[in-house]
Amino acid sequence: MSLIKVEGGRRLCGEITVQCAKNSVLPILAATILGGDTCVIHACPRLRDVETATEILRYLGCRVHWEADDLVVDTATMSRCDIPEDLMRQMRSSVIFLGAILARCGRAEMSYPGGCELGPRPIDLHLSALRDLGAEIEVCDRCLCCRAPHLRGREIVLSIPSVGATENAILAACGAEETTTITNAAREPEIVDLQYFLQKMGVCIKGAGSSTITVEGGTGLHGCVHRCIADRIVAATYLSAVAATGGEVCLRDVDYRHVSTVTAALVQAGCQIRSEENLICLKSDGILQGISPVRTSPYPGFPTDAQAIVMASLLRSRGTTVFVENIFENRYRHVPEFLRMGADVRLEGRVAVLCGVEKLCGTTVRATDLRGGAALVIAGLQGNGETHIDDIYHIHRGYDCLVENLAQLGAAIRYE
Ligand code: UD1
């Protein structure tokens with residue numbers, strides 16, 4: 001299964017239940033260690049990043065097993081507070097364990113996390129937030145040695161609303177005495193989901209979804225059962241795919257408010273969308289128009305994770321669309337692959353100018369990162385002939401059954 005083969009030109013029709021959000025599950029798996037008890041994550045997606053998180057938990061001494069689609073994590077037996085470099089390198093989110101381990105053990109050791117495919121991804125804000133709570137952090141040879149026998153709650157002001165730094169600050173604050181306030185916190189739905197999970201564990205936390213979050217640490221925590229929110233980027237992927245190929249699809253279990261900037265873009269491009277509580281239906285004739293500039297920004301703005309995906313849906317649109325990537329420095333690595341298929345996209349720093357072309361040609365392309373890989377699948381679904389997508393391990397980091405689901409909707413797509 002090292003290659004995905006897609007034959008373009010099929011309309012997509014049907015219904016899909018969208019998987020739970022990777023970006024909710026990963027910090028929540030880190031949070032399980034706060035309680036020293038058993039937590040059950042319902043309908044946990046089978047993803048490579050989830051596998052990495054479970055390997056980290058097992059390395060720490062926790063017991064983890066699957067019961068059908070549920071992941072059961074017993075952290076009572078946790079016996080270590082370090083993470084080896086090979087696990088840290090496998091994903092950026094491994095750094096979220098830092099705040100949780102510190103809160104549980106009062107010390108933590110790990111190397112810098114991997115996942116630098118989008119340009120430099122510093123963790124200065126994570127470290128500064130933990131230092132604000134009283135952690136002493138030494139950095140030597142890209143190794144982090146953290147000590148915090150007594151985390152103290154206080155005000156943390158983030159200079160930018162970093163998702164990961166907000167999560168790390170929240171998790172560490174759960175182990176602090178007194179109250180922590182996080183100002184300029186990230187407002188992503190996944191932070192709200194983390195808050196909900198922590199409340200179930202017994203943490204007194206409020207404000208997630210707004211820019212100010214308060215956490216009262218030091219309470220006795222316990223296990224809980226949780227089902228994470230649906231993955232809004234996976235939802236955006238299916239919607240963009242159907243927008244581009246034409247057809248009609250309904251997505252179940254998705255909160256339409258979480259994808260409103262993406263659906264607004266697809267409506268502007270010519271799609272019809274009907275949203276109800278936990279349901280989004282999209283209808284498209286496959287003939288799209290260029291849209292007003294797409295500028296990525298923190299939630300509730302247009303998600304950087306959907307930039308490549310929506311760009312892929314517009315490759316054959318009539319007219320021009322400008323994209324401005326404001327979150328990551330190097331998030332256009334899918335563009336040279338689009339060009340190999342005959343697309344017309346010009347890059348100038350953080351700006352990409354897309355002029356729709358009449359046809360895309362199937363060829364061999366390489367997934368360069370997770371969302372860029374999904375975008376190539378969307379391009380392949382519109383291509384003349386067969387597109388071969390290589391390096392699909394990136395896609396497996398975040399998509400559960402992407403190929404199977406698209407095939408169920410009518411796509412000519414398979415693994416090889
Ligand atoms: C999370 C998401 C990722 C998404 C991103 C932005 C997870 C697992 N990943 O990543 O899918 O693309 O949010 O929505 O939830 N920054 C610093 N210093 C720091 C931390 C971040 O300068 O210490 C910068 C980053 O380089 C970037 C910006 O802040 O330019 C936003 O990054 P951040 O919100 O932290 O993204 P992640 O948490 O890594």
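Here are the numbers for this structure:
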{"quantity": "Residues of the chain: accessible area per residue with a 1.4 Å probe, Å²", "calculated": "38"}
{"quantity": "Net +/- balance of residues flanking Tyr196 in space, Cβ distance below 14 Å, scoring K and R +1, D and E -1", "calculated": "-2"}
{"quantity": "Counted charge near Ile287, where neighbours are those whose Cβ lies closer than 10 Å (Asp, Glu -1; Lys, Arg +1)", "calculated": "+1"}
{"quantity": "Debye log10 I(q)/I(0) for the chain, one point scatterer per Cα, at q = 0.07, 0.08, 0.14 Å⁻¹", "calculated": "-0.32, -0.42, -1.21"}
{"quantity": "The chain: antiparallel DSSP beta bridges as a percent of all, rounded to 5", "calculated": "70"}
{"quantity": "Gyration tensor (alpha-carbon) shape descriptor, segment 270-416, a/c threshold 1.5", "calculated": "rounded"}
{"quantity": "Segment 264-348: Rg to Rh, with Rh as the Kirkwood radius over Cα pairs", "calculated": "0.97"}
{"quantity": "Net charge of Cβ neighbours under 10 Å - reference Leu3; Lys, Arg +1; Asp, Glu -1", "calculated": "-1"}
{"quantity": "Residues of type aspartates and glutamates that Lys5 reaches as a straight line, Cα spacing below 20 Å, ignoring anything fewer than 8 places off in the same chain", "calculated": "Glu337, Asp369, Glu386, Asp390, Asp391, Asp400, Glu404, Glu416"}
{"quantity": "Additional length obtainable on full extension of the chain from Gln272 to Ile287, 0.36 nm per residue less Cα span", "calculated": "4.2 nm"}
{"quantity": "Highest-fluctuation residue, Leu347, Leu127, Leu87 considered, GNM on the chain with Cα pairs under 10 Å", "calculated": "Leu347"}
{"quantity": "Antiparallel DSSP beta bridges within segment 311-407, percent to nearest 5", "calculated": "65"}
{"quantity": "Size of segment 168-315 as Cα extents on the principal axes (Å, biggest first)", "calculated": "58, 30, 20"}
{"quantity": "Peptide ranges 236-245, 187-196, 249-258 listed from the most packed, as the mean C-beta count within 10 angstrom indicates", "calculated": "236-245, 187-196, 249-258"}
{"quantity": "Tilt relative to the chain, helix 370-382 - C-alpha long axis, 0 to 90 degrees, to 10", "calculated": "20"}
{"quantity": "Anisotropy class of segment 1-109 from Cα gyration tensor, a/c 1.5 cut", "calculated": "prolate"}
{"quantity": "Percent carbon-and-sulfur accessible area, the chain, ignoring ligands, DNA and RNA, probe 1.4 Å", "calculated": "46"}
{"quantity": "Rg/Rh ratio calculated on Cα atoms of segment 120-254 (Kirkwood radius)", "calculated": "1.08"}
{"quantity": "Probe 1.4 Å, all protein chains present, accessible-area order of Tyr415, Tyr393, largest first", "calculated": "Tyr393, Tyr415"}
{"quantity": "Cα-centre dipole for the chain with unit charges at Cβ (Lys and Arg positive, Asp and Glu negative), debye to 20", "calculated": "680"}
{"quantity": "Two-site FRET efficiency, Cys361 against Tyr415, from Cβ-Cβ distance with R₀ of 25 Å, rounded to 0.05", "calculated": "0.70"}
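The values are calculated or read from the model by the stated rules, or taken from the named source; none is laboratory data. No experiment lies behind these values; they were computed from the predicted model shown. Neighbour counts run over all protein chains shown; Cβ positions are idealised from the backbone, glycine included. Calculation scope for accessible area: heavy atoms of the full protein, side chains included, ligands and nucleic acids excluded. Shrake-Rupley method; radii C 1.70, N 1.55, O 1.52, S 1.80 Å.
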